[in-house]
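S.K.: Below is a structure I'd like to ask you about.
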Amino acid sequence: MSFKAVLVLLAIGAVFVAAVPTPVEIEGEFSLVQLLLGSPAMRSDLFNVECVDYYSPLLKGHVDKYNEDFTTCKDTYDGAFALIDSSFQYARDSLAGSVRNSCLSLLTCDGRNSNSDAFDCLASRGPLASKELEQASYKASDNQTSLLGQVSEIADTLSKCQIEAYRTYNTNHGECYADMVACLGDPNWEFPSTSYLL
Ligand SMILES: *[C@@H]1O[C@H](CO)[C@@H](O)[C@H](O)[C@H]1NC(C)=O
C-alpha cells in the first residue's frame, strides 16, 4: 500500500465536525470511504483487499447503530413534547373561552336599539372586559413561560442523548476504522477470530 493511499484513508477517517452530525452526514462519509476503497486504482494499491470485505460490514454496523440511536433520541423527545404540549391544552381552551366571553359581552352592546343604550352598555361593561383581557394576557404569558421552560429541558436531554450517541459511534467506528487501515497495509494481518462474535 502506498503512502499516498494511507494518507487519503487517514484524512477521511479524521473528518471531524463540531456539531453532532446527522445520520445522513455520517452515511455520506461512509459512502465516500466505500467508494474510494472500491475503486480499481485503490484496490490495486492495497496489500490486503480482504480487509475491505471484512471491515466494511462492521463499519456499516456502527453507522446503522448511530442512525438507530439518533432516531431513538428524537422519538423520545417527540413523545415528551407531545405530553407537555397536551398538558397545556386545557389552559389554552379556558383562555380562549374567557376571551371570547369578554369580547362577546362588548359586541352584544351593538345590538341595543338606541344609541344611548349602546353607550351605556359599553361604558358599564368596558372596564370589566378590559380587566378580564388583561388577566388572560398574564395567564397566557405564564403558561408560555412554563411551556417553553419544559420544552427547553427536553431539548437539552435530546442534545445530550445525541452527543452521547455520536461519541459512542465515534469511538467504535474509529477503532474499527483504525483496524481496517492497519489491516490494509499488512499482508499478514490476523483477522480476529469470528467465534467470539457469534
Ligand atoms: C396556565 O396558567 C394559569 C395561570 O397562571 C395556571 O393557573 C395554570 O396552572 C397554567 N397551566 C399549566 C398547564 O401550567
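Values in this text are rule-based calculations from the coordinates and carry no lab data. As the structure is a computational prediction, the values presented were derived from the model and not from experiment. We place every Cβ from the backbone using ideal geometry, glycine too, and count neighbours over all the protein chains shown.
S.K.: Within the group A118, A136, which residue is within 35 Å of the chain's Cα centre (by Cα) and without any contact (Cβ under 8 Å) to a residue 60 or more places away in the chain?
M.R.: Sole residue among the options that is within 35 Å of the chain's Cα centre (by Cα) and without any contact (Cβ under 8 Å) to a residue 60 or more places away in the chain: A136.
S.K.: Considering only segment 147-167, how many residues are β-branched (V, I, T) and within 13 Å of P21 (Cα to Cα)?
M.R.: Residues in segment 147-167 being β-branched (V, I, T) and within 13 Å of P21 (Cα to Cα): 1 in total.
S.K.: How many residues does segment 134-166 hold that are among the charged types (D, E, K, R) and under 19 Å from Y77 (Cα atoms)?
M.R.: So the answer is 4.
S.K.: Enumerate the pairs (first residue in segment 77-96 and under 11 Å from V151 (Cβ atoms); second residue anywhere and hydroxyl-bearing (S, T, Y) and assigned to a helix (DSSP H, G or I)) with beta-carbon separation below 9 Å, excluding pairs fewer than 6 apart on the same chain, so at least 6 apart or on different chains.
M.R.: Listed pairs, sorted by first residue: Y77/T157; A80/T157; F88/S146.
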